[in-house]
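The values are calculated or read from the model by the stated rules, or taken from the named source; none is laboratory data. Keep in mind the model is a prediction, meaning the values are calculated, not measured. Glycine gets a Cβ as well: all are built from the backbone with ideal geometry, and neighbour counts include every protein chain shown.
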Amino acid sequence: MTVEELFDQQAAEVERQNALENRIYCCTAAGCVSCGSEAVRKAIGEEIKSQGLTGKVEVCGTGCMGLCSKGPLVRTSKDDALYGGVDVSNAAALVSAPETLAPLRIDTSAPFFIKQKKIVLGNSGRVDPEKIMDYIAAGGYQALARACTELGPAGTLDEVKKSGLRGRGGAGYPTGLKWELVARQPGDVKYVVCNADEGDPGAFMDRSVLEGDPHRVLEGMAIAAYAVGAQQGYIYVRGEYALAIQRLQLAIRQAERERLLGNRILDSAFQFRVDLRIGAGAFVCGEETALLASIEGRRGQPRPRPPYPPEAGLWGKPTLINNVETFANIPPLIQNGGEWFASTGTATSKGTKVFALAGKIANTGLIEVPMGTPLREILFDIGGGVPGGLEFKAAQTGGPSGGCIPAEFLDTPVDYESLARIGSIMGSGGLIVMDSSSCMVDVARFFMEFCMDESCGKCIPCRAGTVQMHDILLRMTKGEASSRDMAILEELCTLLRETSLCGLGQTAPNPVVSTLRYFRPEYEMHIRDHRCPAGLCEMKGNEGGAR
Amino acid sequence: MSVVTLEIDGKVCTGVSGETVFDVAWNNGVKIPRLCHIGGLPNIGACRLCLVEVEGQKKLLPACITPVQEGMVVRTWSEKLIAHRRLIVELLFAERNHVCSVCVVNRNCELQDLAVELGLDHIRLRYQFPKLVADTSHERFGLDHNRCVLCTRCVRVCDEVEGAHTWDVSRRGALSQIIADLGEPWGESDTCTSCGKCVQVCPTGALFEKGKAVSEMRKDRGFLKYIVTAREKGQWIR
């Protein structure tokens, strides 16, 4: 389609939707699907037919609405309200008289909703991920149009640089700089790769974006390809995300049919194809060089850098790799300009960050907050605090590469630098909350087991070091470790950090280092007194520990 | 090609641009420990034993893949580096069942030499004692996984020099194992040419010639260089 057609189609679709008496949005993200939202959606569809309201009332599936703990979630346009814990028996009421469902209504003026700022998740819960027209009605692909017609490649790059956007995969490398590196490389063949191999335990941000708004990611990739001069893109998505894969495939097909991907995009000379590559269950393939090896069909193992992918990536060609969330930030950024984007966040961390709240917290789910929001606000105002009357103990960010943040640092603003200062990392956005029933030695052991299982085995420090560290931590939780083991554990932490080949090995000791930093007495109690203060570890001769 | 001057361990050394720190150091008599590197094969920077300190760099750099630069100041031995190398070798000894007293390459083993060189006289880590088997299905050679350090020299020499790509690595992490073809017994491999290159480049007794008793196997360290020189320069010289 041409740019004019894009705007015409948008206007037509918006008009059609506004003419409806009621449009019912039923959350069909993985969380709500698992508690039965597909059945609810079907029941609503049948109810519309039996009440003879076809054409007046419409039901559509959407991406994640955020409050996963209250699923299945349904939003109705008639009274602009959100309902939680809906089941099939509510279908009739939702279609014609949603106001009668007052007990199920969720107060959207609660801190969980008003303290958030949605840029990445702006469309999530508002558009049907399986209908491209829904995305277009919400202003979709207009950023691509703006880039192609108004800004040009250099102008697009400038906007991204101006925005101060940093990579959302975890390391926080300035996105504009990365794009510029690729754009500057000579040669006709370049690649754009989207890293959707989200693997941190407890993290589901990328999955929600892919499932809830796949076109956003495709548009972001297309804009990136336009700016750096690439014609081919790959999305490397983990095989476990069946629904995300299915929706991405559908979205790619739809976008190609509408000439928003493929040849002659928006009737210009720009061409860009996107293909999916499905991961086979290796965490290390989220590391960029291992990911590239995997796309090329080789064993998914990291290689030493330099050369970095912007110089020599896929098949030795310049390659831009960004995370799902980074690409999802691009369309609104280009649409509204870099300065608009930079107005949110702190001096060095711009924009918003999506977090997946999990663990011992009342409102588990997906949230998006401006960078620099204090951790306390995220966990207690938005997250609703620790349920069950237990005390907050620590928050874990950054998954197996991150660290545990104790209560004394709850007022730390969440941005790249502040988190690094207290021994954790921003990471990709997993945020796991632990209460006083959690044992920090066991937490460290859990993450070390994860790293041990996921080590690719290429370099010795990571392959054999994680095994030894896990061995020591496991013996600690059984009350069988000595203070000599503790010294060796710390030696291994240094070794892995300083000598491992890739980021996975270098950061594998982080959960141990950060818990040692803030909860050392707990380790000492395990070793000296064979006692687990949380009462979790079962010790020999001291079964069940002691509270 | 331009000449590059750099300082290695306080000694002024010269190399040619494009050469690695490792090669220039060795050519100038500074021996950096290594396990996965072997002259004539592509470097992968996996064993992390050749890590060196370079002035102005926060991270330790693997000498085998770091190109030399004019004015570079390199330290190949420091207390920190020795501690790291010793712990890496210690990790290897604890990882699999390395029993020198019954090994065919006893006193002719790169892993053993490293331990001696680094003064590693005892192991503090827990031995993992994995249950591994030896593949003796090949007519002339054997593969004992107990002694393998996963340096992948065999994989690379078979792929890059012989061109057969019989060897590869299966599974991951501590469970990684060298396999012939798709996990067949070595003797039944369709691709193996029985050239024996893998046996000669193997740093330990993992790959060995049959019929050798304890300490009897001597690996031909000049073998790979001989072949590579012949191929690149057409000179069949030792």
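Within segment A:167-187, being in a loop (DSSP other than H, G, I, E, B) and touching a residue at least 24 places away in the same chain (Cβ under 8 Å) holds for A:Gly167, A:Arg168, A:Gly169, A:Gly170, A:Ala171, A:Gly172, A:Gln185, A:Gly187. Would you check if A:Cys35 is part of a loop (DSSP other than H, G, I, E, B), of a type outside the set (D, E, K, R) and modelled with pLDDT of 90 or more? Yes, satisfied. With respect to the stated conditions, A:Ala328 is outside any strand (DSSP E or B), away from every other protein chain (no Cβ under 14 Å), crowded, with 23+ Cβ neighbours inside 10 Å and not hydroxyl-bearing (Ser, Thr, Tyr). In the set (1) at pLDDT below 95; (2) buried (at least 24 other Cβ atoms within 10 Å of the Cβ), the condition left unmet by A:His215 is number (1).
State yes or no: is B:Gly40 closer than 28 Å to B:Asp159 by Cα, in contact (Cβ under 8 Å) with a residue 40 or more places away in the chain and away from chain A (no Cβ under 14 Å)? Answer is yes for this residue. Select from segment A:441-473 the residues that are in contact with a Ser or Thr (Cβ under 7 Å, 6 or more places away or on another chain), among the polar types (S, T, N, Q) and facing chain B (nearest Cβ under 7 Å) and list them in ascending order. If the condition is that a residue be in contact with a Ser or Thr (Cβ under 7 Å, 6 or more places away or on another chain), among the polar types (S, T, N, Q) and facing chain B (nearest Cβ under 7 Å), then A:Ser455 is the only one that fits.
When B:Arg48, B:Arg75 are checked against the criterion of being surrounded by fewer than 20 Cβ atoms within 10 Å (Cβ to Cβ) and either in contact with a Gly (Cβ under 9 Å, 6 or more places away or on another chain) or within 22 Å of B:Asp113 (Cβ to Cβ) (or both), a single residue qualifies: B:Arg75. Of all the listed residues (A:Phe355, A:Phe341), the sole one being assigned to a helix (DSSP H, G or I), buried (at least 21 other Cβ atoms within 10 Å of the Cβ) and either in contact (Cβ under 8 Å) with a residue 60 or more places away in the chain or in contact with a Gly (Cβ under 9 Å, 6 or more places away or on another chain) (or both) is A:Phe341.
Checked against the criterion of being at pLDDT below 95 and surrounded by fewer than 24 Cβ atoms within 10 Å (Cβ to Cβ), the candidates A:Ser428, A:Ser436 yield just one match: A:Ser436. Of the helices (runs of 4 or more DSSP H) lying entirely inside segment A:73-163, the ones with 3 or more residues being within 29 Å of A:Ala347 (Cβ to Cβ) are found at A:111-114, A:152-163. Picking from residues in segment A:512-531 that are closer than 23 Å to A:Gly423 by Cα and acidic (Asp, Glu), the one that is surrounded by the most Cβ atoms within 10 Å (Cβ to Cβ) is A:Glu522.
Residues in segment B:142-150 include none that are charged (D, E, K, R), out of contact with any helix residue (DSSP H, G or I) (no Cβ under 6 Å at 6 or more places or on another chain) and either on the phi > 0 side of the Ramachandran plot or within 14 Å of chain A (Cβ to nearest Cβ) (or both).
Residue under question is B:Gly183, and the condition is that it be under 21 Å from B:Arg96 (Cβ atoms), surrounded by fewer than 21 Cβ atoms within 10 Å (Cβ to Cβ) and within 14 Å of another protein chain (Cβ to nearest Cβ); does it hold? Judged against the criteria, B:Gly183 is not a match. In this structure, A:Pro461 does not satisfy being under 20 Å from A:Leu536 (Cβ atoms), surrounded by 24 or more Cβ atoms within 10 Å (Cβ to Cβ) and not small (Gly, Ala, Ser). When segment B:43-62 is filtered for residues that are more than 9 Å from chain A (Cβ to nearest Cβ), assigned to a loop (DSSP other than H, G, I, E, B) and more than 17 Å from the chain's Cα centre (by Cα), the ones remaining, listed by number, are B:Glu55, B:Gly56, B:Gln57, B:Lys58.
Only a single criterion out of (1) surrounded by fewer than 21 Cβ atoms within 10 Å (Cβ to Cβ); (2) part of a helix (DSSP H, G or I); (3) in contact (Cβ under 8 Å) with a residue 24 or more places away in the chain is not satisfied by B:Val157, namely (1). Residues in segment B:63-85 that are within 10 Å of another protein chain (Cβ to nearest Cβ), within 19 Å of the chain's Cα centre (by Cα) and free of Cβ contacts under 8 Å to residues at least 40 places away in the same chain: B:Leu81, B:His84.
One residue stands out in segment B:212-238 among those that are among the basic types (Lys, Arg) and outside any loop (DSSP other than H, G, I, E, B): the one that is farthest from B:Leu143 (Cα to Cα), namely B:Lys233. Screening A:Arg216 on (1) farther than 30 Å from A:Ser455 by Cα; (2) over 16 Å from the mean Cα position of the chain (by Cα); (3) part of a helix (DSSP H, G or I) shows it passes everything except condition (2). Might you check whether a residue that is part of a loop (DSSP other than H, G, I, E, B), more than 11 Å from every other protein chain (Cβ to nearest Cβ) and within 21 Å of B:Lys219 (Cα to Cα) occurs anywhere in segment B:112-135? The answer is no, given that none of the residues of segment B:112-135 is part of a loop (DSSP other than H, G, I, E, B), more than 11 Å from every other protein chain (Cβ to nearest Cβ) and within 21 Å of B:Lys219 (Cα to Cα). Every test in (1) farther than 21 Å from A:Glu325 by Cβ; (2) of a type in the set (A, V, I, L, M, F, W, C); (3) out of contact with any Ser or Thr (no Cβ under 6 Å at 6 or more places or on another chain); (4) more than 14 Å from every other protein chain (Cβ to nearest Cβ) is passed by A:Leu419 save one, and that test is (1).
The one condition from (1) modelled with pLDDT of 95 or more; (2) more than 10 Å from chain B (Cβ to nearest Cβ) that A:Gly479 does not meet is (1).
With the condition kept exactly as written, say whether any residue in segment A:379-389 is within 20 Å of A:Ala508 (Cβ to Cβ) and modelled with pLDDT of 95 or more. No, every residue in segment A:379-389 fails to be within 20 Å of A:Ala508 (Cβ to Cβ) and modelled with pLDDT of 95 or more.
None of B:Val89, B:Val12, B:Val104, B:Val116 is surrounded by fewer than 14 Cβ atoms within 10 Å (Cβ to Cβ), in the same structural domain as B:Phe208 (by TED's automatic domain parsing), among the β-branched types (Val, Ile, Thr) and at pLDDT 95 or above except B:Val116.
Scanning segment B:160-180 for residues that are hydrophobic (A, V, I, L, M, F, W, C) and either part of a helix (DSSP H, G or I) or at the interface with chain A (Cβ under 10 Å from one of its Cβ atoms) (or both) turns up B:Val161, B:Val169, B:Ala174, B:Leu175.
This table checks each residue for (1) within 11 Å of B:Val105 (Cα to Cα); (2) of a type in the set (Gly, Ala, Ser); (3) surrounded by 12 or more Cβ atoms within 10 Å (Cβ to Cβ).
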position: B:Lys197; (1), (2), (3): no, no, yes
position: B:Thr204; (1), (2), (3): yes, no, yes
position: B:Leu207; (1), (2), (3): yes, no, yes
position: B:Gly211; (1), (2), (3): no, yes, no
position: B:Val214; (1), (2), (3): yes, no, yes
position: B:Arg218; (1), (2), (3): yes, no, yes
position: B:Tyr226; (1), (2), (3): no, no, yes
position: B:Glu232; (1), (2), (3): no, no, no
position: B:Gln235; (1), (2), (3): no, no, no
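For B:Val24, the conditions (1) in a loop (DSSP other than H, G, I, E, B); (2) more than 9 Å from every other protein chain (Cβ to nearest Cβ) all hold with the exception of (1). Within segment A:287-314, the residues that satisfy the criterion of being within 14 Å of chain B (Cβ to nearest Cβ) and closer than 27 Å to A:Arg247 by Cβ are A:Glu287, A:Ala290, A:Ala293, A:Ser294, A:Gly297, A:Gly300.
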